[in-house]
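Q: Questions regarding the structure given below will be posed in turn.
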Amino acid sequence: MVNAPDILNASILIVDDQDTNIALLEQLLSEAGYTRIASTTKAQEVCALHRKNGYDLILLDLQMPRMDGFQVMEALKTNDADGYLPVIVLTAQPGHKLRALQAGAKDFISKPFDLVEVKTRIHNMLEVRLLYKLLEHYNETLEQTVQERTAELRESEARYRALTELASDWYWEQDEIGVFTKVSGPVLEMLGIRVDTLAGEKADERDDPEMRGWDEAERAVLRDNIAARLPFLDFVFSRTLADGSRRRFQVSGEPMFTQSCRFIGYRGIGVELTSQR
């Protein structure tokens, strides 16, 4: 929120080749309570002064020798550090007002000066300018916060994966069609998953001895959970091998979604329980 002290403490530069106009504006602004007022009669100095001091408002005369106000505004636009041109033009030519606004000026003050108009337009302009700076600062702070939070989330996810890999026999991820996209640990050997299945080619379990022996009732329950995009915790399923031994596995998983709620797969952890004959 912009308050009165903020506005009165804003930095103002007066640019006019007539000393009498500068003196009049300086007196008017001082009497109104403004404390940071600078001036110059040399238009070619404006850009350097603004880069150095970052004025909140520039009162710019349009009719000046060597470099007029329109040329000054064009030069000010090259200042990449300021995307907002804080200029009120001073002009006695009614036809110049529209051209000045098109050139980037935010407002104009007519000559000869109407003192009430001058004070009102300057106050309003500074209020808008300071609000713009507050918004700019807020956006920068928000962007920095988002970057920091993103970095924290990535670090947290890395820790999570490291811990799950230490605490489990395997960590796994699948895409939206069920293809394994990441596997750590001996899951290929334990589950008998074919490498081509991992790469995305679906194997026909009926023709592959390595893919037989699973308890179909258990697998059906697991498939139903996945089809419904439900998480599952410590789900136990088993497989009977050709030699009659039975292997039991415990798996936990959760669905993954984008920020727009599009399903992109599952991730989880698993362990092999004690094998039994």
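Q: Pairs under 6 Å by beta carbon, first residue assigned to a helix (DSSP H, G or I) in the range 129-157, partner exposed (fewer than 10 other Cβ atoms within 10 Å of the Cβ), six or more apart or different chains?
A: Matching pairs, first to second residue: none at all.
Q: Within the range 84-108, how many residues are in contact (Cβ under 8 Å) with a residue 40 or more places away in the chain and surrounded by fewer than 20 Cβ atoms within 10 Å (Cβ to Cβ)?
A: Within the range 84-108, the subset in contact (Cβ under 8 Å) with a residue 40 or more places away in the chain is 84, 86, 90, 105.
Next, only the ones that are surrounded by fewer than 20 Cβ atoms within 10 Å (Cβ to Cβ) stay: 84.
The total comes to 1.
Q: Determine, yes or no, whether LEU49 is under 35 Å from the mean Cα position of the chain (by Cα), outside any helix (DSSP H, G or I) and on the phi < 0 side of the Ramachandran plot. It would help to see each step written out before you state the result.
A: Details: under 35 Å from the mean Cα position of the chain (by Cα): yes; outside any helix (DSSP H, G or I): no; on the phi < 0 side of the Ramachandran plot: yes.
Judged against the criteria, LEU49 is not a match.
Q: On to the next question. Only residues that are out of contact with any Asp or Glu (no Cβ under 7 Å at 6 or more places or on another chain), closer than 25 Å to ASN79 by Cβ and of a type outside the set (Lys, Arg): list them for the range 22-42, please.
A: First, pick out the residues of the range 22-42 that are out of contact with any Asp or Glu (no Cβ under 7 Å at 6 or more places or on another chain): 23-36, 38, 40, 42.
Still in the running and closer than 25 Å to ASN79 by Cβ: 25-26, 29, 34-36, 38, 40, 42.
Residues satisfying the conditions are LEU25, GLU26, LEU29, TYR34, THR35, ALA38, THR40.
Q: Does ASP68 satisfy the condition of being over 30 Å from GLU140 (Cβ atoms) and touching a Pro at 6+ places or on another chain (Cβ under 7 Å)? Give the derivation first.
A: Values: over 30 Å from GLU140 (Cβ atoms): yes; touching a Pro at 6+ places or on another chain (Cβ under 7 Å): no.
No; evaluated as a whole, the condition is false for this residue.
Q: Consider only pairs whose beta carbons are under 7 Å apart and that are at least six residues apart or on different chains; among these, list those whose first residue lies in the range 228-246 and is on the phi > 0 side of the Ramachandran plot and whose second residue is part of a strand (DSSP E or B) and loosely packed, with under 13 Cβ neighbours inside 10 Å.
A: Correct list of pairs: ARG229/PHE263.
Every number in this text was worked out from the coordinates using simple rules, so none of it is lab data. Predicted, not measured: the structure shown is a model, and the values here were computed from it. Glycine gets a Cβ as well: all are built from the backbone with ideal geometry, and neighbour counts include every protein chain shown.
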